[in-house]
Amino acid sequence: MSQPHSRPVERGASEGVLRVLFGSFMAITAMAILLYSAEWFAGLVVLLVLFAAREWHRMVRSPAMREAAEQRPVHVQTIISGVTIALAVLLMLEDMALYAFGAVIAGAAASFAYARVRNDNPSWHAAGVLYIGVPALALVALRGAPSGALIVLGMFVVVWATDTGALVFGKLIGGPRIAPKLSPGKTWAGTIGGSLSGALVFAFFIAVLGFDVTLGALYAFFFSFVAHAGDLLESMVKRRFGTKDSGGMIPGHGGVLDRLDSTFAAAIVLAVLVFGAGFNPLFGGQS
């Protein structure tokens, strides 16, 4: 009688192992490239943008276009997004920020026009170029700032620890859902647990650097809610289009967008704080 119950357990365990293995591999790879050079990091951002754009445009297409789009290996919308955002990243590397943002806006306009001709949810396709392009520029700009590698690494630490803590505490404690209609799996316990995890891990990161640990922990706790918000935003879009995962490219994780939703939100907010308000996210280091 126990045999029927063993398979789901084994499958769940194997999925958990895959999640940890691929998550660790992705984190180590991203950190190595981030620390190696700004140009290599920009290249990684562009690569991820291509996959993220493909997932977004497949997700938001109109029902009438789904079957036809499935038959084409490359979606035209993905090319529009990928080319314009890659160009924008190159411009950002050359310190031409206004032109970079102009390229993203032009890409959104082109995406809207193409989708409108095809009656294929033009506003959603155009929004995708902005949703993916603006965070991409924020990441490249942050990496190019003084002490940029540490700034971006610190942001990754907060986001990754928050996401991991939310998953662990949500599974262990459960309890009331934070937004049942948007994301049935997200609980208040997971949200608070994730924020505490982000604060503790970032405090350790700041301590290793020899900077102000108390301010760092407080910052990370509140900043972690930006990551939560980014996660909920993508959940809202997925629920709007009846999709559980944005894709299945990453074993144990889903799609690229599923892994970058929190990072996208965090990158935009941190870039505004750093470049708009002169905020120092290293709390004692030179930014």
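Read-outs: derived from the displayed coordinates by stated rules, not from any lab. In this text, all values refer to a predicted model and were calculated from it rather than measured experimentally.
With the convex hull built on the Cα atoms of the range 146-287, state its orientation-averaged projected area in nm².
8.8
Under the Karplus relation 6.51 cos²θ - 1.76 cosθ + 1.60, θ = phi - 60°, what is the ordered set of whole-Hz ³J(HN,Hα) values for the range 76-92, x standing for Gly and Pro?
Ordered by residue, 3J(HN,Hα) equals 4, 4, 5, 5, 4, 5, x, 5, 5, 6, 4, 4, 4, 5, 4, 5, 5 Hz.
Please give the direction-averaged projected area of the C-alpha convex hull for the range 40-144, in square nanometres with one decimal.
That works out to 5.8 nm², a quarter of the Cα hull's surface.
Counting only C-alpha contacts under 8 Å and six or more residues apart, can you give the relative contact order of the range 40-144 as a whole percent?
With pairs under 8 Å counted, the relative contact order is 34 percent.
Using every Cα-Cα pair within the range 89-190, state what percent have a distance larger than 23 Å.
Counting every Cα pair in the range 89-190, those more than 23 Å apart make up 54 percent.
Near the amide H of ASN121, under 5 Å away, which other amide H atoms are found, from residues 5 or more places off or on another chain, if H is placed in the peptide plane?
SER62
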